[in-house]
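Down below is the structure, laid out as structure tokens.
The values are calculated or read from the model by the stated rules, or taken from the named source; none is laboratory data. None of these values were measured; they are calculated from a predicted model. Glycine also receives a Cβ, built like all others from the backbone with ideal geometry; neighbour counts cover every protein chain displayed. All accessible areas refer to the heavy atoms of the entire protein, side chains included, with ligands and DNA or RNA removed. Shrake-Rupley method; radii C 1.70, N 1.55, O 1.52, S 1.80 Å.
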Amino acid sequence: MATQVLTQSARVAGARNALSKEACMAMYDEWATSYNTDLADASQNYVAPILTAQTALHINRKLAPTVLDAGCGTGLVGQALAKGGSTGSGVVIDGADLSPPMLKIAGETGVYRDLLVADLTQPLGRAEASYDIVTCCGTFTRGHVGPDPALREFLRVLKPAGIVVATVLYEIWLSGGYKAEVEKLEAEGLATVVSAEVDDYRKGAGDKAVFLVLRKKATTAAAV
Ligand SMILES: C[S@@+](CC[C@H](N)C(=O)[O-])C[C@H]1O[C@@H](n2cnc3c(N)ncnc32)[C@H](O)[C@@H]1O
């Protein structure tokens, strides 16, 4: 039992402490088949995907919204969105991630319309104004994806007044430049902050995340 707990926490620590993108991907490629069971364990109690989906469906104003689940991993957010009851009715979800083995598990859930291999540290291969919602859970964390250009890209692919719902590991909200990038995007007139609440992330392990909700401006400064 003690070995199992250590293994689950060691997996998370290994991914966060990866020294390169390639090392991070190697961790996820190897972890994909046991990721869901590892993070469902009481020692982890990874509640962030459900909180992310609930937040997105609660704030969304559109019927049958189209969603890009960025850093979708094995599809935990997509599954929670699809189970979202009446508010999740008709939701159409695309997923993007850099790990093909993680995307393979996401594909097996049957809830994604399309799944693409994408590096969130680069421009997204999606047309602007394509989605009502971008979710990004668990990917703004140590050793993974920084705020720039990812947040700006999320806003670009959103339709006017669409929303980003993203978790940012609390310990890097300031030091990783996420808060500063959000302020920059606001100052540029691209988005407004709907909320940035600190809540449970891996409840069993005791870590927290900022649950960031950004709304793209209905008419952006760039479009005027
Ligand atoms: C902690 S998992 C979160 C997955 C899923 N959203 C969830 O909440 O279960 C982090 C994910 O980020 C992906 N990832 C890490 N770096 C990435 C990058 N540069 N571009 C795209 N995805 C990346 C990993 O492959 C992994 O699936």
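Before moving on, here are some points about what is shown:
- The trypsin sites (Lys or Arg not before Pro) of the stretch 138-224 that meet both conditions, a loop assignment by DSSP and at most 16 other Cβ atoms within 10 Å of the site Cβ, are Arg142, Lys203.
- Using alpha-carbon coordinates, inclination of helix 100-109 to the longest axis of the chain, degrees: 80
- DSSP assigns beta bridges within the chain; of those with both partners inside it, close to 50 percent run antiparallel.
- Split the accessible area of the chain by element, probe 1.4 Å, and carbon with sulfur accounts for 56%.
- Secondary-structure-derived ellipticity at 222 nm for the chain, considering helices only, amounts to -11500 deg cm²/dmol, per-run term -39500 (n - 2.57) for DSSP H runs with n ≥ 4.
- Among beta bridges that DSSP assigns inside the stretch 96-224, antiparallel share in %, nearest 5: 70
- Taking Thr52, Thr139, Thr33 as the candidate residues, the one with maximal mean-square fluctuation in a Gaussian network model of the chain, Cα springs under 10 Å, is Thr33.
- For the chain, the mean projected area of the C-alpha convex hull, equal to one quarter of the hull surface, is 11.3 nm².
- If a spin label sat at a point 7 angstrom from the Cα of Ser89 along the line to its beta carbon, the backbone N atoms of the stretch 52-81 nearer than 13 Å would be those of 63-65.
- Rg/Rh, computed from the Cα trace of the stretch 17-96 with Rh as the Kirkwood radius, has the value 1.04.
- Per residue solvent-accessible surface (Å²) - the chain, probe of 1.4 Å: 45
- Residues Asn45 and Ser175, FRET efficiency given R0 of 25 Å [Cβ-Cβ distance, rounded to 0.05]: 0.50
- Note that the stretch 121-134 has calculated 3J(HN,Hα) couplings of 8, 10, x, 7, x, 9, 5, 5, 6, 9, 10, 8, 9, 10 Hz, one per residue in order, obtained from phi through the Karplus relation 6.51 cos²θ - 1.76 cosθ + 1.60 (θ = phi - 60°); glycine and proline are x.
- Cross-link pairs Lys104/Lys216; Lys184/Lys216; Lys21/Lys208 - those with Cα-Cα distance over 25 Å: Lys104/Lys216
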